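Just below is one structure, and these are the notes that go with it.
The values are calculated or read from the model by the stated rules, or taken from the named source; none is laboratory data. Keep in mind the model is a prediction, meaning the values are calculated, not measured. Because the Cβ atoms are built from the backbone with ideal geometry, glycine has one as well, and the counts that use them run over all protein chains shown.
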């Protein structure tokens, strides 16, 4: 079973494939310094296997590694994922242009 993950930036989505079959999707929109996850989908015949959680985790890892945007969980599933993964809550509140080592200056 060949499981792969991909960020399809042109389509504004993250996907999970198994043996070249689309299994799960996390759609997003860029809004300034935020990335809003507005929809997730799992192939109905494959639901109940944790695939949505896997694609959301892949997406959060990619957002964290490749941008400084904060995440807005507009999709109920992404919101639930953050509830179940409180250790990832910093993605919800981080400020573009700063890191943990360089806090945002107050104006």
Given the conditions (1) farther than 18 Å from residue 93 by Cβ; (2) free of Cβ contacts under 8 Å to residues at least 24 places away in the same chain; (3) touching a strand residue (DSSP E or B) at 6+ places or on another chain (Cβ under 7 Å), report the number of the one that residue 15 does not fulfil. (2)
Condition check for residue 5: closer than 30 Å to residue 95 by Cα and either touching a helix residue (DSSP H, G or I) at 6+ places or on another chain (Cβ under 6 Å) or at pLDDT below 95 (or both): yes
Qualifying residue in the range 16-26 (condition: out of contact with any helix residue (DSSP H, G or I) (no Cβ under 8 Å at 6 or more places or on another chain), modelled with pLDDT of 95 or more, buried (at least 19 other Cβ atoms within 10 Å of the Cβ) and not in a loop (DSSP other than H, G, I, E, B)): no
Take the range 27-65 and flag every residue that is surrounded by fewer than 20 Cβ atoms within 10 Å (Cβ to Cβ), touching a residue at least 40 places away in the same chain (Cβ under 8 Å) and part of a helix (DSSP H, G or I). 54, 58, 62
